[in-house]
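J.: Take this structure first; my questions come after.
The values are calculated or read from the model by the stated rules, or taken from the named source; none is laboratory data. The shown structure was predicted, so the numbers you read here are calculated from the model rather than taken from an experiment. In this analysis, Cβ positions are derived from the backbone assuming ideal geometry, glycine residues included, and neighbour counts consider all displayed protein chains.
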Amino acid sequence: METNTRPILDGEVVRFAGTEFECDDIGDSYESFIPKKVLTGFRLSEIPGELTIKPVESAGGCIEINNDIGLSAFAGGSASAFVHVSERRKLWDGDVGLRVHMESLLRAIRERADTEACDLDDDGDYILLAYDITITEDVEIQDAISHVEKVIGDIEARAEQLVRENLMKKWQEAA
């Protein structure tokens, strides 16, 4: 098998770096979980247009994900990173309620020019927040992943700051 320096979509598999990775058919496109360590040597513009790459820590029998992101191809001057944050109420043990935390994330996302909130869904058990990060340069895949992870970290830090500011305001009003 020939080693590719860019991902090739072939039916329901992606061939890349001498390995095949399964794809999930999600309607009019495909997504594939690919370990970050093999995602090197190509730019976002080399991702097939109908493929979303989901970088993961490891794949195989058990997929390990730190951030649930998907990267699209660079086309028309930008690429998108789709980010999904899903939390379950009964597993949440944050300093504030889960709804307050997710609303703070949403506010932090809306404050940025390079992000756009897509959905905040609360079914009473889980809260799902989906948002996009716009990437305006055709960069190497590893640089895109690093950028997206930094933006996610910045959003989380800003959300924590918003929670603290809100708590301080409430404490001052109560005093």
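J.: For Ile127, which of the numbered conditions (1) closer than 30 Å to Pro7 by Cα; (2) surrounded by 15 or more Cβ atoms within 10 Å (Cβ to Cβ); (3) free of Cβ contacts under 8 Å to residues at least 60 places away in the same chain fails to hold?
T.: Here Ile127 clears every test but (1).
J.: Please count how many residues of region 67-118 are acidic (Asp, Glu), over 17 Å from Thr134 (Cβ atoms) and outside any loop (DSSP other than H, G, I, E, B).
T.: Residues meeting the conditions: 3.
J.: Moving on. Checking Trp92 against (1) surrounded by 14 or more Cβ atoms within 10 Å (Cβ to Cβ); (2) modelled with pLDDT of 90 or more; (3) more than 30 Å from Ile8 (Cα to Cα), which single condition isn't satisfied?
T.: So Trp92 meets the others, but not (2).
J.: Continuing with this model, one more query. How many residues does region 134-155 contain that are out of contact with any helix residue (DSSP H, G or I) (no Cβ under 7 Å at 6 or more places or on another chain) and surrounded by 15 or more Cβ atoms within 10 Å (Cβ to Cβ)?
T.: Residues that pass the stated criteria total 8.
J.: Of the conditions (1) assigned to a strand (DSSP E or B); (2) out of contact with any His (no Cβ under 9 Å at 6 or more places or on another chain), Tyr131 fails just one. Which one is it?
T.: Going through (1) assigned to a strand (DSSP E or B); (2) out of contact with any His (no Cβ under 9 Å at 6 or more places or on another chain) one by one, Tyr131 breaks only (2).
J.: If you check Leu51, Leu44, Leu9, Leu39, which single one turns out to be among the hydrophobic types (A, V, I, L, M, F, W, C), modelled with pLDDT of 90 or more and farther than 15 Å from Ile145 by Cα?
T.: Only one candidate passes the filter, namely Leu51.
J.: Are any residues in region 68-79 of a type outside the set (A, V, I, L, M, F, W, C) and either under 20 Å from Ser58 (Cα atoms) or buried (at least 20 other Cβ atoms within 10 Å of the Cβ) (or both), and if so, which ones?
T.: Result: Asp68, Gly70, Ser72.
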